[in-house]
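Enquirer: I have a structure I would like to understand better, so I am pasting it below and will then ask my questions one at a time.
Please treat every number below as a calculation from the coordinates, not as lab data. The structure displayed is predicted, hence computed values, not measured ones. Glycine gets a Cβ as well: all are built from the backbone with ideal geometry, and neighbour counts include every protein chain shown.
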Amino acid sequence: MKKRPNPETGKRERTAMYGKCTRYRVKGIPGVKDRSFDTVQDAKTWLAQAQTDARRGEFVDPRDGAISLKDYIETHWWPTQSGDPSTLERIEQRVRRHILPHLGALPLNGVGTEVLRSWKKRLEKDLGPTSIRLVWATLSGVLQAAVEDRRLARNPCRATTVRPPAAAPGRVEAWPPERVLAVRAALSERYQVLVEIGAGLGLRPGEAFGLCLDDIDFEEEVVHVRRQIKMVRTKLCFALPKGRKVRDVPLPSSVARAVRQHMADFVPVPVTLPWDDPRPPETPVEAKHRRPRTYSLLVTGRERKAINRNYFNSHVWKPALAKAGVIASLEKSDADGSRVWEPSREHGFHALRHFYASEELEAGESVVSLARWLGHSDPGFTLRKYSHFLPRAGARGSTAIDAIFA
């Protein structure tokens, strides 16, 4: 209605918006935006519920959850993420490949258990259980942030009626010593010492690639694991080891001899790379943190540069596995002549680390010491992963029972 009456009739006249708006407005609740309703009963019902939720600190305005999942991620969630650049890259890939294409157009409060069941079934066509669990955890993190931002009342990824698939069963299997030696013999001389480093020191691939001359103390018989070479968006850089933890590992005499022989044949090469993140810095603090550093690397590629893990896996490691008879040889598989190696995740460079763990436990070393040498923050994780390598696991208990009932 117009505010002023018609001078001729003395009555207020209807405007063009008459009958097109809601009539009853609820306002005045601290922390709650005004809202209008068609009927007074709807207004009173919503007012009572909003006041109760506001007092409990649980009020969630449905209008805040109407934003699309894609807009929420790009505008509110992703810009606030921080951490290791390579970890952020993997998270970004999961969001871009598996979350936004299927769920991005839905409003936040439209992602419910029914939607998640359909999404999970779609993922199972392309991904294994472990990968699905990682993608699920990423989406759960996004929705939990929305809950804490007061855009959702609850996180549907934590519902009891729909869950990610169970972790794939199985346990770590260690290579026999004969296989370790066969793979070493199949490698070119430039890379053979990596087998001693992996199987004799338990280093991860990036840590082995980043090992430099100053990290090896031959007199004290110890190796200082201080850095790794990692890849961030196809570019290499130096960084702290996984978990940002440095550690010391005992240096066996056989590994020391192999390292000395390797240095006699291949002199350590000074290599300069950015630290932690190869992207151009945007602030003085980032420039100081990422400034390039130089280390004399023990093992480098043919071009005397840091080893690219993708190149190493495809052109050095897998050909050696095939030559040693661990996996099938590379053959043409597609019409265009492209060649693809058979899946061999369990035979990656990490297999040498498992071999190291099995040998240390078989020799009687404690789980606590092994966890420290492997760089595990929790010895319980080491025990769960490698307990089956403990010598005569279960035999001592059986002997004790037999002694009672004999």
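Enquirer: Using the count of nearby Cβ atoms within 10 Å as a rough guide to exposure, how do THR15, THR161 rank from fewest to most?
Expert: Working: THR15 12, THR161 9.
By the 10 Å Cβ count, ascending: THR161, THR15.
Enquirer: While we're looking at this one, here's another question. Run through all the Cα pairs of segment 151-262 and give the fraction in each 10 Å bin from 0, expressed as whole percent.
Expert: Calculated P(r), rounded to whole percents: 11, 32, 27, 15, 9, 6, 0.
Enquirer: To continue, here is another question. Let me make sure I get this right: for segment 65-158, a, b and c are the square roots of the gyration tensor eigenvalues over alpha carbons, sorted descending. Under 1.5 in a/c it's rounded, otherwise prolate if a/b > b/c, else oblate. Which is it? Don't jump to the answer; show the numbers that get you there.
Expert: On the way: a/c = 1.67, a/b = 1.06, b/c = 1.57.
Oblate, because a/c is 1.5 or more while a/b does not exceed b/c.
Enquirer: I've got another one for you. Please turn the phi angles of segment 112-117 into ³J(HN,Hα) values with the Karplus equation 6.51 cos²θ - 1.76 cosθ + 1.60 (θ = phi - 60°), one per residue in order, whole Hz, x for glycine and proline.
Expert: Here the 3J(HN,Hα) series is x, 5, 5, 5, 5, 5 Hz.
Enquirer: Pull up the cross-link candidates among the lysines for LYS44, meaning alpha carbon to alpha carbon under 29 Å and not fewer than 8 places away within one chain.
Expert: Partners within reach: LYS2, LYS3, LYS20, LYS27, LYS33.
Enquirer: Additional query: Running Debye on segment 200-298 with equal point scatterers at the Cα sites and no solvent, what base-10 log of I(q)/I(0) appears at q = 0.10 Å⁻¹?
Expert: -0.30
Enquirer: Which whole-Hz ³J(HN,Hα) couplings does segment 206-223 yield from phi under the Karplus relation 6.51 cos²θ - 1.76 cosθ + 1.60, θ = phi - 60°, glycine and proline marked x?
Expert: x, 5, 5, 5, x, 5, 10, 4, 5, 7, 9, 9, 5, 6, 7, 6, 8, 10
Enquirer: For LYS385, list the lysines whose Cα falls under 21 Å from its own Cα; do not include residues on the same chain fewer than 8 positions away.
Expert: Of all the lysines, those that pass the test against LYS385 - Cα under 21 Å, at least 8 places apart if same chain - are LYS242, LYS245.
Enquirer: So for segment 206-318, taking the charge dipole from beta-carbon charges (+1 Lys/Arg, -1 Asp/Glu), which of CYS212, VAL285, VAL232 sits furthest toward the positive end?
Expert: Farthest along the dipole direction, towards plus: VAL232.
Enquirer: Name the residues whose placed amide hydrogens come within less than 5 Å of the amide hydrogen of SER36, ignoring near sequence neighbours (fewer than 5 apart) on the same chain.
Expert: HN-HN under 5 Å from SER36: VAL26.
Enquirer: Can I ask one more? Given 37 °C and 0.692 mPa s, compute D for segment 262-315 with the Stokes-Einstein relation, Rh being the Kirkwood radius over Cα pairs; round to the nearest whole µm²/s.
Expert: Values: Rh = 12.8 Å.
In µm²/s, the coefficient is 256.
Enquirer: Continuing with this model, one more query. In whole Hz and in residue order, list the ³J(HN,Hα) couplings for segment 193-201 that follow from phi through the Karplus curve 6.51 cos²θ - 1.76 cosθ + 1.60, θ = phi - 60°; x for Gly and Pro.
Expert: 5, 4, 5, 5, 5, x, 7, x, 10
Enquirer: Excluding ILE91 itself, what net charge comes from residues whose Cβ is under 12 Å from its Cβ, given Lys and Arg +1 and Asp and Glu -1? Show your work: numbers first, answer last.
Expert: Working: positive: ARG90, ARG94, ARG96, ARG97; negative: ASP84, GLU89, GLU92.
That works out to +1.
Enquirer: Provide VAL267, VAL193, VAL326, VAL180 in ascending order of the number of other Cβ atoms located within 10 Å of each residue's Cβ, fewest first.
Expert: Working: VAL267 12, VAL193 25, VAL326 18, VAL180 22.
Exposure proxy ranking, most exposed first: VAL267, VAL326, VAL180, VAL193.
Enquirer: Only counting other Cβ atoms within 10 Å, I'd like LYS245, LYS120 sorted with the fewest neighbours first. Mind dumping the intermediate values first?
Expert: Values: LYS245 12, LYS120 16.
Lowest count first: LYS245, LYS120.
Enquirer: Okay, next question. Determine, at each q value in 0.06, 0.13 (inverse angstroms), the log₁₀ of I(q)/I(0) that the Debye formula gives when each Cα of the chain is one equal point scatterer.
Expert: Results for the chain at q = 0.06, 0.13 Å⁻¹ read -0.41, -1.25.
Enquirer: List the residues whose amide H sits under 5 Å from the amide H of CYS212, counting only those 5 or more places along or on another chain, with H placed 1.01 Å from N in the peptide plane.
Expert: Close amide H contacts, sequence-distant or interchain: LEU298.
Enquirer: Is the shape of segment 177-389 rounded, prolate or oblate, going by the alpha carbon gyration tensor and its root eigenvalues a ≥ b ≥ c, with a/c under 1.5 for rounded and a/b larger than b/c for prolate? Don't jump to the answer; show the numbers that get you there.
Expert: Numbers: a/c = 1.40, a/b = 1.04, b/c = 1.35.
Rounded, because the longest to shortest axis ratio a/c is under 1.5.
Enquirer: List the residues, sorted by chain then number, that are 5 or more residues from VAL232 or on another chain and whose placed amide H is less than 5 Å from its amide H.
Expert: The list, which skips near neighbours in sequence, is CYS237.
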